[in-house]
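Written out below as C-alpha coordinates is the structure these notes cover.
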Amino acid sequence: MAVKESTLAELMSSEDRSLSKLVTLLADLAVQVQQRIPRELGFSAGVNVYGEKQLEMDVWSNELFTKKLLKSNLVRRVASEEMEDVAESKTGEYSIVLDPLDGSSNLKSNNLLGTIVGVYHDKPLPAKGRDLQAAMYFLYGPYLQLVLALKDGVRLSAAAGRGVGARRFVSDGLIHKLPRPPTVYGVGGLREKWTPAVRQFVECLERRKLSLRYGGSFVGDYNQVLFKGGFFAYPELTDSPQGKYRLQFESNPVAFITEKAGGRASTGTGNILDVEPSSIVQRVPTYLGDAELVLEFQSLYKSKSQQA
Ligand code: FDP
(Lines give C-alpha, C1' and ligand atoms only; values in the text may rest on other atoms or scores of the structure.)
Protein backbone atom coordinates (compact mmCIF):
# COMPACT_ATOMS: atom_id res chain seq x y z
CA MET A 1 0.00 0.00 0.00
CA ALA A 2 1.43 3.39 -0.99
CA VAL A 3 1.99 5.69 1.98
CA LYS A 4 1.31 9.39 1.62
CA GLU A 5 4.35 11.62 2.18
CA SER A 6 3.89 14.31 4.86
CA THR A 7 5.89 17.47 5.36
CA LEU A 8 7.01 18.52 8.82
CA ALA A 9 4.28 21.19 8.84
CA GLU A 10 1.66 18.51 8.05
CA LEU A 11 3.01 16.27 10.82
CA MET A 12 2.52 19.14 13.24
CA SER A 13 -0.86 20.28 11.92
CA SER A 14 -2.82 19.15 15.00
CA GLU A 15 -0.36 20.83 17.40
CA ASP A 16 -0.23 24.43 18.60
CA ARG A 17 1.06 26.74 15.88
CA SER A 18 3.84 27.91 18.19
CA LEU A 19 5.07 24.32 18.77
CA SER A 20 5.02 23.71 15.04
CA LYS A 21 7.11 26.86 14.51
CA LEU A 22 9.53 25.75 17.20
CA VAL A 23 10.09 22.31 15.64
CA THR A 24 10.53 23.95 12.23
CA LEU A 25 13.19 26.27 13.67
CA LEU A 26 15.00 23.35 15.33
CA ALA A 27 14.93 21.41 12.05
CA ASP A 28 16.42 24.41 10.21
CA LEU A 29 19.22 24.59 12.77
CA ALA A 30 19.91 20.84 12.56
CA VAL A 31 20.32 21.19 8.78
CA GLN A 32 22.89 23.94 9.43
CA VAL A 33 24.75 21.73 11.93
CA GLN A 34 24.89 18.88 9.44
CA GLN A 35 26.22 21.17 6.71
CA ARG A 36 28.82 22.56 9.09
CA ILE A 37 30.31 19.20 10.18
CA PRO A 38 32.58 18.59 7.12
CA ARG A 39 33.81 22.17 7.31
CA GLU A 40 34.76 21.70 10.93
CA LEU A 41 36.75 18.65 9.94
CA GLY A 42 38.80 20.79 7.56
CA PHE A 43 37.28 19.75 4.25
CA SER A 44 36.68 23.40 3.47
CA ALA A 45 39.77 25.00 4.91
CA GLY A 46 39.39 28.41 6.46
CA VAL A 47 35.59 28.47 6.28
CA ASN A 48 34.08 29.65 9.51
CA VAL A 49 30.57 30.84 10.01
CA TYR A 50 31.61 33.68 12.30
CA GLY A 51 34.72 34.50 10.30
CA GLU A 52 36.65 34.26 13.56
CA LYS A 53 38.95 31.61 14.89
CA GLN A 54 37.79 28.03 14.47
CA LEU A 55 35.43 27.09 17.29
CA GLU A 56 34.95 23.66 18.72
CA MET A 57 31.93 22.11 17.04
CA ASP A 58 30.02 21.54 20.27
CA VAL A 59 30.58 25.14 21.38
CA TRP A 60 29.57 26.40 17.95
CA SER A 61 26.40 24.27 17.80
CA ASN A 62 25.46 25.31 21.34
CA GLU A 63 25.73 28.98 20.42
CA LEU A 64 23.77 28.44 17.24
CA PHE A 65 20.84 26.69 18.94
CA THR A 66 20.81 28.85 22.06
CA LYS A 67 20.97 32.22 20.31
CA LYS A 68 18.41 31.36 17.63
CA LEU A 69 15.99 29.84 20.13
CA LEU A 70 16.18 32.79 22.51
CA LYS A 71 15.68 35.25 19.64
CA SER A 72 12.69 33.38 18.23
CA ASN A 73 10.07 34.93 20.56
CA LEU A 74 9.00 31.34 21.18
CA VAL A 75 11.51 30.33 23.84
CA ARG A 76 11.84 31.84 27.29
CA ARG A 77 14.53 29.56 28.75
CA VAL A 78 17.28 27.34 27.40
CA ALA A 79 19.33 24.92 29.47
CA SER A 80 22.10 23.17 27.60
CA GLU A 81 24.67 20.56 28.41
CA GLU A 82 27.26 23.07 27.25
CA MET A 83 26.24 25.82 29.71
CA GLU A 84 26.42 26.11 33.49
CA ASP A 85 23.36 28.34 33.83
CA VAL A 86 19.92 28.59 32.28
CA ALA A 87 19.86 31.30 29.57
CA GLU A 88 16.72 33.43 29.44
CA SER A 89 14.92 35.84 27.14
CA LYS A 90 12.09 38.26 27.92
CA THR A 91 9.48 36.65 25.70
CA GLY A 92 8.39 33.17 24.72
CA GLU A 93 6.30 30.35 26.14
CA TYR A 94 8.69 27.36 25.93
CA SER A 95 11.53 26.10 28.10
CA ILE A 96 14.05 24.04 26.17
CA VAL A 97 16.59 21.48 27.37
CA LEU A 98 19.27 20.73 24.84
CA ASP A 99 22.27 18.56 24.17
CA PRO A 100 23.43 20.38 21.04
CA LEU A 101 25.96 17.81 19.84
CA ASP A 102 25.67 14.53 21.65
CA GLY A 103 28.47 12.06 21.01
CA SER A 104 30.86 14.78 19.85
CA SER A 105 33.86 12.54 20.46
CA ASN A 106 32.62 10.66 17.36
CA LEU A 107 33.18 13.69 15.14
CA LYS A 108 36.72 12.95 13.99
CA SER A 109 36.04 9.28 13.27
CA ASN A 110 32.87 10.21 11.32
CA ASN A 111 30.55 8.15 13.47
CA LEU A 112 27.07 9.07 14.52
CA LEU A 113 26.17 12.29 16.33
CA GLY A 114 22.92 13.81 17.40
CA THR A 115 21.10 16.79 18.85
CA ILE A 116 18.69 16.00 21.68
CA VAL A 117 15.89 18.42 22.60
CA GLY A 118 13.21 18.43 25.28
CA VAL A 119 10.34 20.95 25.15
CA TYR A 120 8.44 22.16 28.21
CA HIS A 121 5.57 24.59 28.15
CA ASP A 122 6.59 27.48 30.40
CA LYS A 123 8.32 25.48 33.16
CA PRO A 124 11.23 26.68 35.27
CA LEU A 125 14.36 24.59 34.67
CA PRO A 126 15.45 22.04 35.74
CA ALA A 127 12.10 20.28 35.27
CA LYS A 128 10.68 16.80 35.67
CA GLY A 129 10.65 14.58 32.57
CA ARG A 130 6.99 13.79 33.14
CA ASP A 131 6.20 17.45 32.38
CA LEU A 132 7.74 17.39 28.89
CA GLN A 133 5.36 18.47 26.15
CA ALA A 134 7.51 17.08 23.34
CA ALA A 135 10.96 15.61 22.81
CA MET A 136 13.05 14.86 19.75
CA TYR A 137 16.46 14.08 18.45
CA PHE A 138 18.17 14.76 15.17
CA LEU A 139 20.55 12.02 14.06
CA TYR A 140 23.43 13.12 11.83
CA GLY A 141 23.91 9.83 10.02
CA PRO A 142 23.96 8.80 6.37
CA TYR A 143 20.88 10.99 6.26
CA LEU A 144 19.60 13.61 8.67
CA GLN A 145 16.75 12.08 10.62
CA LEU A 146 14.28 13.62 13.04
CA VAL A 147 12.67 11.40 15.65
CA LEU A 148 9.83 13.46 17.09
CA ALA A 149 7.69 12.48 20.08
CA LEU A 150 4.49 14.43 20.59
CA LYS A 151 1.59 13.61 22.89
CA ASP A 152 0.06 11.14 20.42
CA GLY A 153 3.27 9.21 19.66
CA VAL A 154 6.58 9.08 17.82
CA ARG A 155 7.02 9.94 14.15
CA LEU A 156 10.11 9.62 12.02
CA SER A 157 11.15 11.99 9.29
CA ALA A 158 14.18 12.57 7.12
CA ALA A 159 15.71 15.56 5.38
CA ALA A 160 15.15 13.87 2.03
CA GLY A 161 12.61 16.12 0.31
CA ARG A 162 13.15 18.87 -2.24
CA GLY A 163 12.85 21.97 -0.04
CA VAL A 164 15.53 23.86 1.85
CA GLY A 165 16.06 23.77 5.62
CA ALA A 166 13.12 22.35 7.55
CA ARG A 167 11.10 22.14 4.33
CA ARG A 168 13.33 19.24 3.28
CA PHE A 169 11.93 16.99 6.03
CA VAL A 170 9.46 14.37 4.84
CA SER A 171 7.72 11.57 6.72
CA ASP A 172 5.35 8.69 6.17
CA GLY A 173 3.34 10.25 9.02
CA LEU A 174 2.94 6.87 10.71
CA ILE A 175 3.20 6.38 14.46
CA HIS A 176 6.34 4.38 15.24
CA LYS A 177 6.45 1.76 18.00
CA LEU A 178 9.43 -0.20 19.32
CA PRO A 179 9.30 -3.47 17.40
CA ARG A 180 9.00 -6.86 19.10
CA PRO A 181 10.67 -9.26 19.60
CA PRO A 182 13.74 -7.31 20.74
CA THR A 183 16.87 -8.11 18.74
CA VAL A 184 19.68 -5.72 19.74
CA TYR A 185 21.28 -4.29 22.87
CA GLY A 186 23.95 -1.75 23.79
CA VAL A 187 25.41 -0.95 27.20
CA GLY A 188 27.92 1.85 27.87
CA GLY A 189 30.74 2.11 30.37
CA LEU A 190 33.73 -0.18 30.95
CA ARG A 191 32.65 -3.79 31.45
CA GLU A 192 34.92 -4.13 34.50
CA LYS A 193 32.94 -1.31 36.14
CA TRP A 194 29.51 -2.81 35.55
CA THR A 195 27.62 -3.93 38.63
CA PRO A 196 26.58 -7.62 39.05
CA ALA A 197 22.99 -6.84 37.94
CA VAL A 198 24.17 -5.29 34.66
CA ARG A 199 26.66 -8.11 33.99
CA GLN A 200 24.05 -10.79 34.62
CA PHE A 201 21.44 -9.04 32.50
CA VAL A 202 23.84 -8.66 29.55
CA GLU A 203 24.71 -12.37 29.78
CA CYS A 204 21.03 -13.14 29.71
CA LEU A 205 20.47 -10.93 26.62
CA GLU A 206 23.34 -12.67 24.85
CA ARG A 207 21.94 -16.10 25.68
CA ARG A 208 18.72 -14.93 24.03
CA LYS A 209 20.76 -14.04 20.92
CA LEU A 210 20.31 -10.27 21.04
CA SER A 211 23.14 -8.71 19.01
CA LEU A 212 25.48 -6.13 20.52
CA ARG A 213 25.26 -2.68 18.93
CA TYR A 214 27.46 -0.09 20.59
CA GLY A 215 29.20 2.82 18.90
CA GLY A 216 29.58 5.29 21.79
CA SER A 217 26.94 7.73 20.57
CA PHE A 218 23.74 7.86 22.57
CA VAL A 219 21.34 8.76 19.79
CA GLY A 220 23.11 6.53 17.27
CA ASP A 221 23.01 3.53 19.60
CA TYR A 222 19.52 4.25 20.88
CA ASN A 223 18.22 4.62 17.32
CA GLN A 224 19.17 1.00 16.64
CA VAL A 225 16.96 -0.04 19.54
CA LEU A 226 14.13 2.18 18.32
CA PHE A 227 14.26 0.50 14.90
CA LYS A 228 15.11 -3.08 15.81
CA GLY A 229 13.68 -3.42 19.31
CA GLY A 230 15.88 -4.10 22.31
CA PHE A 231 17.63 -2.63 25.31
CA PHE A 232 20.02 0.27 25.74
CA ALA A 233 21.73 1.44 28.92
CA TYR A 234 24.35 3.73 30.25
CA PRO A 235 24.28 2.07 33.66
CA GLU A 236 25.47 2.90 37.13
CA LEU A 237 29.17 2.03 37.34
CA THR A 238 31.16 0.90 40.36
CA ASP A 239 33.05 4.22 40.38
CA SER A 240 30.14 6.35 39.14
CA PRO A 241 26.82 5.34 40.77
CA GLN A 242 24.87 7.88 38.71
CA GLY A 243 26.33 6.72 35.40
CA LYS A 244 27.18 9.31 32.74
CA TYR A 245 24.02 10.75 31.24
CA ARG A 246 22.56 14.05 32.32
CA LEU A 247 18.95 13.77 33.41
CA GLN A 248 17.81 17.04 31.83
CA PHE A 249 19.55 16.89 28.46
CA GLU A 250 19.91 13.21 27.64
CA SER A 251 17.92 10.81 29.82
CA ASN A 252 14.59 12.66 30.13
CA PRO A 253 14.04 13.51 26.44
CA VAL A 254 14.99 10.01 25.26
CA ALA A 255 12.92 8.45 28.07
CA PHE A 256 9.92 10.49 26.84
CA ILE A 257 10.49 9.27 23.27
CA THR A 258 10.80 5.68 24.56
CA GLU A 259 7.49 5.80 26.44
CA LYS A 260 5.71 7.36 23.49
CA ALA A 261 7.08 4.48 21.37
CA GLY A 262 5.56 1.95 23.79
CA GLY A 263 8.76 1.21 25.74
CA ARG A 264 9.97 1.97 29.26
CA ALA A 265 12.72 4.09 30.82
CA SER A 266 14.23 3.31 34.20
CA THR A 267 16.93 4.41 36.61
CA GLY A 268 17.10 0.79 37.83
CA THR A 269 14.69 1.56 40.68
CA GLY A 270 12.01 3.75 39.11
CA ASN A 271 10.82 5.60 36.04
CA ILE A 272 13.29 8.20 34.75
CA LEU A 273 10.44 10.58 33.94
CA ASP A 274 9.42 10.65 37.63
CA VAL A 275 12.85 11.63 38.98
CA GLU A 276 12.62 14.91 40.95
CA PRO A 277 15.25 17.17 39.44
CA SER A 278 17.80 18.53 41.90
CA SER A 279 20.07 20.44 39.53
CA ILE A 280 20.78 21.15 35.88
CA VAL A 281 23.87 18.93 35.88
CA GLN A 282 22.32 15.92 37.66
CA ARG A 283 23.15 12.49 36.20
CA VAL A 284 21.07 9.32 36.34
CA PRO A 285 21.71 5.67 35.49
CA THR A 286 19.72 5.14 32.28
CA TYR A 287 18.06 1.89 31.11
CA LEU A 288 15.74 2.17 28.10
CA GLY A 289 13.88 0.22 25.49
CA ASP A 290 11.54 -2.73 25.26
CA ALA A 291 9.06 -2.48 28.15
CA GLU A 292 9.34 -6.14 29.19
CA LEU A 293 13.13 -6.12 29.13
CA VAL A 294 13.35 -2.94 31.20
CA LEU A 295 10.93 -4.38 33.78
CA GLU A 296 12.94 -7.61 33.83
CA PHE A 297 16.12 -5.59 34.45
CA GLN A 298 14.41 -3.68 37.26
CA SER A 299 13.42 -6.87 39.08
CA LEU A 300 16.94 -8.33 38.68
CA TYR A 301 18.35 -5.04 39.99
CA LYS A 302 16.05 -5.22 42.99
CA SER A 303 16.96 -8.82 43.84
CA LYS A 304 20.72 -8.09 43.48
CA SER A 305 20.35 -5.02 45.76
CA GLN A 306 18.58 -7.12 48.38
CA GLN A 307 21.36 -9.73 48.26
CA ALA A 308 24.08 -7.07 48.67
P1 FDP B 1 30.35 11.86 24.08
O2 FDP B 1 31.14 11.68 25.34
O3 FDP B 1 31.10 11.54 22.82
O4 FDP B 1 29.64 13.21 23.98
O5 FDP B 1 27.06 11.37 27.04
C6 FDP B 1 27.86 11.69 25.95
C7 FDP B 1 28.28 10.46 25.18
O8 FDP B 1 29.14 10.75 24.13
C9 FDP B 1 27.10 9.66 24.61
O10 FDP B 1 26.65 10.12 23.37
C11 FDP B 1 27.63 8.26 24.54
O12 FDP B 1 26.63 7.28 24.63
C13 FDP B 1 28.56 8.20 25.71
O14 FDP B 1 28.96 9.53 26.02
C15 FDP B 1 29.77 7.36 25.42
O16 FDP B 1 30.47 7.11 26.58
P17 FDP B 1 31.65 6.01 26.64
O18 FDP B 1 32.81 6.66 25.93
O19 FDP B 1 31.90 5.84 28.10
O20 FDP B 1 31.19 4.77 25.94
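The values are calculated or read from the model by the stated rules, or taken from the named source; none is laboratory data. Keep in mind that this is a model prediction, so the values were computed, not measured. When we count neighbours, we look across all protein chains shown, and the Cβ atoms used for this are built from the backbone with ideal geometry, even at glycine. For the accessible areas, the whole protein counts, side chains as well, though only heavy atoms, and no ligand, DNA or RNA atoms are used. Shrake-Rupley method; radii C 1.70, N 1.55, O 1.52, S 1.80 Å.
If the condition is being closer than 29 Å to residue 215 by Cα, of a type outside the set (A, V, I, L, M) and crowded, with 21+ Cβ neighbours inside 10 Å, then the stretch 82-125 contributes 99, 100, 102, 103, 114, 115, 118.
Among the residues of the stretch 279-300, are any open to solvent by 60 Å² or more (accessible area, probe 1.4 Å), under 23 Å from residue 124 (Cα atoms) and of a type outside the set (Phe, Trp, Tyr)? Within the stretch 279-300, one or more residues are open to solvent by 60 Å² or more (accessible area, probe 1.4 Å), under 23 Å from residue 124 (Cα atoms) and of a type outside the set (Phe, Trp, Tyr). Residues of the stretch 219-238 that are within 11 Å of the ligand (Cβ to nearest atom) and over 16 Å from residue 301 (Cβ atoms): 219, 220, 221, 222. Checking each residue in the stretch 126-136 for being assigned to a loop (DSSP other than H, G, I, E, B) and either open to solvent by 10 Å² or more (accessible area, probe 1.4 Å) or assigned by TED's automatic domain parsing to the domain that holds residue 258 (or both) picks out 126, 128, 132, 133. If you check 161, 216, 186 for being within 14 Å of the ligand (Cβ to nearest atom), touching a helix residue (DSSP H, G or I) at 6+ places or on another chain (Cβ under 9 Å) and in a loop (DSSP other than H, G, I, E, B), only one passes: 216. Cβ-Cβ contacts under 6 Å between residues 6 or more apart (or on different chains), taken from a first residue in the stretch 90-102 that is at pLDDT below 95 to a second residue that is charged (D, E, K, R), are listed as 101/58. On the stretch given as the stretch 266-278, residues that are open to solvent by less than 20 Å² (accessible area, probe 1.4 Å) and in a strand (DSSP E or B) total 1. Of the numbered criteria (1) out of contact with any Ser or Thr (no Cβ under 7 Å at 6 or more places or on another chain); (2) in a loop (DSSP other than H, G, I, E, B); (3) surrounded by fewer than 20 Cβ atoms within 10 Å (Cβ to Cβ), the one residue 173 fails is (1). Within the stretch 155-190, the set of residues being within 20 Å of residue 4 (Cα to Cα) and of a type in the set (Phe, Trp, Tyr) comprises 169 only. Entry remark, the stretch 255-308: residues being more than 15 Å from residue 130 (Cα to Cα) and acidic (Asp, Glu) number 3 in total.
Being at pLDDT 95 or above, within 16 Å of the ligand (Cβ to nearest atom) and open to solvent by 30 Å² or more (accessible area, probe 1.4 Å) is not true of residue 200.
Exactly one residue among 178, 205, 210 is under 30 Å from residue 25 (Cα atoms), surrounded by 13 or more Cβ atoms within 10 Å (Cβ to Cβ), of a type outside the set (Phe, Trp, Tyr) and not assigned by TED's automatic domain parsing to the domain that holds residue 108, and that residue is 178. Only one of the numbered conditions (1) among the polar types (S, T, N, Q); (2) in contact with a helix residue (DSSP H, G or I) (Cβ under 8 Å, 6 or more places away or on another chain); (3) assigned to a loop (DSSP other than H, G, I, E, B) is not met by residue 115, and that is (3).
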